[in-house]
Structures are given as C-alpha cells and as structure tokens.
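One structure is given below, encoded as structure tokens.
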Amino acid sequence: MRASQIGNTLLRRSVRRASLAVGAFACLAAPRALDAQTVSPPIAEYQERARSSFQLINSSVFPLSVVLEVRGFTVTEQGEVQEAPLDTAKVRVKLSAMSFRIPPRQTYTVFYEATADSVPAWFNIVSAMTGAKTESGLNVRILLPHVVYLNQKAPLKQEQVLLRAVEVDTATGKLRVQLENLGPNLGRVQQVTAVAGKTTSPPGAGFPLFPHMLRWTEVDWPDRVAPERVTVRFTRFTMDTVLAAPASP
C-alpha cells in the first residue's frame, strides 16, 4: 500500500527529531546516519488480523543494536499524531524478536502476529536503533515506526462521511477542508482536490479517517476566492461536492 499521511508523518518525525512521530529521537546533525537506516514497509494494512513481517535495512558501515517496542497512537482533528499506551487487553501483538543486532549493510526481517478484540485497531512497532555515528563521530539513536492497521471487513460508506467546512487562508495560500466520519469504520482518503473556474489545486495528501472523528486537511490554493467544487477520493468511492456560491452583497 502507499504511505498514508499518518505513516509519512511518523517516518518524517523519526528522521527529523530522532524519535517516532509520536516519540522517536534522532539527531538533527546526523542526516547521513539517519538516511542510512530504513524500515520497509513503513505502513501495512490487514483485515481483522495480521500475520506478516517488515524489514529493517542498515545501509551504514556500523553494526546496529535494535530494540523493538509496540506502542499505540491517536490522531487529533488537526492531524497531529500523539503517542498513547498500547491497550494490551484489547490488542495483542507477538514479535519474532524483541532485540537483535544488524551487521553493516545487512537487512533483518521481523515477523509478527496481531489480533484485536474489536476492529478497526492500529498500533506502531517502533525500532530503536543505536550504534550509528555522524561524520563528526557523535552517536545517534534512531527510532523507525512500522505502522499497522487492522481494518474491519465492512468498508467505510459514502453516507457515513460529511464535508463539514471549507476555509480559504489567503495568508498561507492554503485551502482547509474539514471531514467527519459518522460511522464505526476506518476509511482512507486517497486525495483531496478543489476547483474554481480554471484554478485546480494540486492533490492533497491522503490520510486515514478514523471512526467517529472530525479531521481537517489542507491543499495548496493559489486563489483568493473559495472553490466551486471539492472532490475527496476514498479507496472505494469519491465525494464530489458542489459548494454554494457566496451571497451577493
């Protein structure tokens, strides 16, 4: 699957701050050391349960020590990812190993199984890596997330989603769109676009739309007036909303 906005946020923050999006901790002075370690895939989706694997790739010349931890997370209405304890009474994750070493320029595969009492459910498997060094010799600690979604069988339906608001921010050149998921199912927005006359926004990034939640998203918008139409493409359907024209003064 392609990386969602949540997964991208987690991965970017793990590199930018040496921590998971919800708490990884890297060193800003160590871009080469950080870029040399990757997780593949960064995001995975399964139906109800998972029996799968991910790979940790050490492209550096240093051997790495790795410790794994399973964490939960939540997402705010603004799309901010926040770390949360994993509810182990409801979500059970079994890993093939909790700690290991990766030799230089080698790849290590982690196998796992996951079940939940109810779905949808989601969690991170965080890989804390130590042993890498910057060009100046500083030690760095890198946290890379593998984000897992356990989806329900029934897909999110179009009638369960509402477009609540559209706002133009002329100061930043952004169009803000608020969506609401009225149902119990997790859905995935693939992209958001807006149109006004000959002006069309570039596609906005995709993201998961969590059950019973509001979510704001942004797209670049070079116009000063509100769009005439907003299109939100989900995995299984597309919402095409014609907006009311502003009232004449």
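Derivation of every value follows stated rules applied to the coordinates shown; laboratory data play no part. The structure displayed is predicted, hence computed values, not measured ones. Every residue, glycine among them, receives a Cβ derived from its backbone with ideal geometry; neighbour counts consider all protein chains shown.
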Sum of side-chain charges, Glu77 neighbourhood, beta-carbon under 14 Å (Lys, Arg +1; Asp, Glu -1) | -1
Can you list the residues, at least 5 places off or on another chain, whose amide H is less than 5 Å from the amide H of Gly183, using H built in the peptide plane?
-> His212
Compare the peptides 206-218, 129-141 by average per-residue count of other Cβ atoms within 10 angstrom and give them in order, highest first.
-> 206-218, 129-141
Counting only residues 5 or more apart in sequence or on a different chain, those whose built amide H sits under 5 Å from that of Arg141 are Cys27
What's the Cα-based Rg to Rh of the stretch 162-209, Rh via Kirkwood?
-> 1.01
Arrange the peptides 158-167, 222-231 so that the one whose residues have, on average, the most other Cβ atoms within 10 Å appears first.
-> 222-231, 158-167
What are the ³J(HN,Hα) values, in whole Hz, obtained from phi via the Karplus relation 6.51 cos²θ - 1.76 cosθ + 1.60 with θ = phi - 60°, for each residue of the stretch 233-242 in sequence order, with x given for Gly and Pro?
-> 9, 9, 5, 10, 7, 10, 9, 10, 10, 8
At q = 0.11, 0.18, 0.22, 0.23 Å⁻¹, work out log10 I(q)/I(0) for the stretch 158-241 with the Debye formula, treating every Cα as an identical point scatterer and leaving solvent out; two decimals please.
-> -0.27, -0.69, -0.99, -1.07
First measure r as the distance between the Cβ atoms of Glu113 and Thr76, then evaluate 1/(1 + (r/R0)^6) with R0 = 22 Å and state the FRET efficiency to the nearest 0.05.
-> 0.15
For Gln191, list long-range residues whose amide hydrogen, built 1.01 Å from N in the peptide plane, is under 5 Å from its own amide hydrogen.
-> Arg233
Given 37 °C, 0.692 mPa s and a Kirkwood radius over Cα pairs, the Stokes-Einstein diffusion coefficient of the stretch 111-205 in µm²/s is 184
Take the Cα atoms of the stretch 35-104, find their three principal axes, and give me the spread along each one in whole Å, biggest first.
-> 40, 29, 21
Can you spot the lysines whose alpha carbon is less than 26 Å from Lys94's alpha carbon? Ignore those fewer than 8 places along the same chain.
-> Lys153
Least to most buried among Asp87, Asp117, by other C-beta atoms within 10 Å and fewest first, runs Asp117, Asp87
Two-site label geometry, Lys90 and Glu167: point separation in nm, points 7 Å out along Cα→Cβ | 3.0
Say a paramagnetic label sat at a point 7 Å from the Cα of Val67, along Cα to Cβ; which residues of the stretch 88-113 have their backbone N under 13 Å from it?
-> 98-100
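With 10 angstrom as the radius, rank Leu175, Leu186 by how many other C-beta atoms surround their C-beta, starting from the fewest. Mind showing how you got there, number by number?
Numbers: Leu175 25, Leu186 22.
If I rank by nearby Cβ atoms, fewest first, I get Leu186, Leu175.
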